[in-house]
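Since the structure comes first, as structure tokens, the remarks are kept for the end.
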């Protein structure tokens with residue numbers, strides 16, 4: 001079965017856009033919007049807060065007319081809140097950022113605004129300059145603290161206060177959604193500020209091992225003279241062999257691995273025979289591939305995390321570990337920054353010791369604190385909070401290890417039955433970082449979390465899609481059926497989907 005015929009597999013997704021949760025959908029008069037500029041919110045936020053502007057934005061591009069509020073929380077946390085002028089649903093969504101942030105990422109909340117949500121976001125406490133040193137702010141401890149957790153929490157408190165003043169009532173439900181740095185923001189909120197949100201969607205959380213694992217993988221593939229061990233050609237060979245070996249494990253030949261962890265491919269199968277140098281891997285290359293697949297290990301040989309880079313993601317290693325189109329390896333600069341800050345300004349790859357330096361990340365490593373007993377999530381759980389995590393198996397920026405580690409740690413701490421009542425992880429075959437890649441890369445996470453929080457209907461599966469539209473943060477649902485080129489059912493980890501010729505089922 002080819003990827004093309006896969007388009008028609010399975011039943012069409014049943015996408016439910018819930019009706020307004022608020023008993024009487026609220027509206028704003030123009031004066032109620034502009035009056036927000038004179039609002040006093042410092043006492044609510046607990047830090048000096050100023051409203052810089054509040055203006056009405058006309059409806060357009062599918063978005064309703066809304067009140068756009070810009071604010072600042074000391075010392076330099078930028079915040080945007082957007083409030084529907086009519087038919088507010090009673091729901092509030094805070095949207096996360098990406099990378100080092102430094103921008104107001106408004107577009108990430110557009111689909112929710114279209115659904116009647118009040119939406120908000122933050123620049124996480126700083127603005128990235130257009131040129132020059134984009135990491136200069138990391139030398140200021142207050143700005144780092146703001147980036148790690150303070151900005152998201154205080155911006156959430158402010159947004160709720162703005163909502164209450166504007167509409168004269170509080171939100172019925174507060175949700176969070178973000179990917180990468182945004183995914184880490186969401187998990188940090190659940191751990192540190194469990195009262196902020198009722199439901200959290202955390203995509204590809206850039207947490208814990210992201211920076212040090214990048215250093216480890218780049219160092220593993222770099223000789224002392226700076227040359228790569230696994231070249232671009234070697235990685236293409238590796239990728240093709242892994243795909244040939246395991247593509248059909250899920251019952252569909254579609255160019256992606258449905259479950260990389262169960263893939264039996266062994267890179268040693270590509271070992272060069274005596275006198276043969278082309279179309280094969282050297283012993284050094286095989287050993288390097290095995291190290292990157294496995295991830296870093298402790299001094300006793302046990303792994304730090306459940307996985308390194310997943311099988312099926314090898315083409316993504318080219319950009320990060322080797323470089324392409326005349327550009328240097330993407331991990332070269334970030335690795336050097338991490339090494340210099342972790343060890344010292346003159347440190348090199350040779351000085352990096354994963355067992356000593358690797359678990360701390362860096363000045364902006366975003367390490368999650370699970371609590372002294374590993375159960376910091378208990379407060380969030382006990383108040384009824386829900387967490388939906390999604391992650392691409394082919395992600396080589398924030399590897400799947402971050403989500404699997406989060407799941408496995410809390411599975412051990414709470415037990416599977418208790419954990420699945422408030423945390424579910426969905427792994428997306430073939431998806432790269434947050435979106436894109438040869439696999440499915442979008443699903444209606446927002447409806448899933450709404451139904452879980454508001455109706456106690458846990459997401460036992462998601463319908464996931466790849467479309468002809470360019471990859472973007474979050475598409476409005478329902479999707480245009482004519483744009484869908486592939487779909488599959490995704491089940492909560494550790495279950496996987498297998499196509500039996502008629503329908504997807506759990507494995």
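At a glance:
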quantity	calculated
Percent antiparallel among DSSP beta bridges (both partners in the chain, rounded to 5)	60 percent
Between region 476-507 and region 32-63, the Cα center-to-center distance that results, in Å	41 Å
Rg ratio (alpha-carbon, reference 2.2 N^0.38 Å) - region 211-355	1.09
Least to most buried among 195, 247 (fewest other Cβ within 10 Å first)	195, 247
Residue 324 paired with residue 244, simple spin-label distance in nm, labels 7 Å along Cα-to-beta-carbon	2.0 nm
Gyration tensor verdict on region 366-507 (Cα atoms; rounded if a/c is under 1.5, prolate if a/b is larger than b/c, oblate otherwise)	prolate
For the chain: relative contact order, % (alpha-carbon pairs under 8 angstrom, 6 or more apart)	15 percent
Peptide ranges 450-463, 54-67 listed from the most packed, as the mean C-beta count within 10 angstrom indicates	450-463, 54-67
Ranked 420, 467, criterion: other C-beta atoms within 10 Å, fewest first	420, 467
Residue 128-residue 480 pseudo-label distance in nm [points 7 Å out on the Cα-to-Cβ vector]	3.0 nm
Taking the C-alpha atoms of region 125-173, convex hull volume expressed per residue in Å³	89 Å³
Taking the convex hull of Cα positions in region 150-247, its mean projected area over all directions (nm²)	10.2 nm²
Sorted by Cβ density within 10 Å, fewest first, the residues 200, 318, 484	484, 318, 200
Hydrodynamic radius (Kirkwood) for region 22-171, which is based on Cα pairs only, to one decimal in Å	15.6 Å
Peptides 248-259, 178-189 ordered by average Cβ neighbours within 10 Å, highest first	178-189, 248-259
Mean ellipticity per residue at 222 nm, deg cm²/dmol - from DSSP H runs of n ≥ 4 across the chain, formula -39500 (n - 2.57)	-8000 deg cm²/dmol
Percent antiparallel among DSSP beta bridges (both partners in region 374-507, rounded to 5)	65 percent
Highest to lowest packing among 85-94, 348-357, scored as the average C-beta count within 10 Å	85-94, 348-357
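Read-outs: derived from the displayed coordinates by stated rules, not from any lab. All figures in this text were calculated on a predicted structure; none of them were measured in a lab. Backbone-built Cβ (ideal geometry, glycine too); neighbour counts: all protein chains shown.
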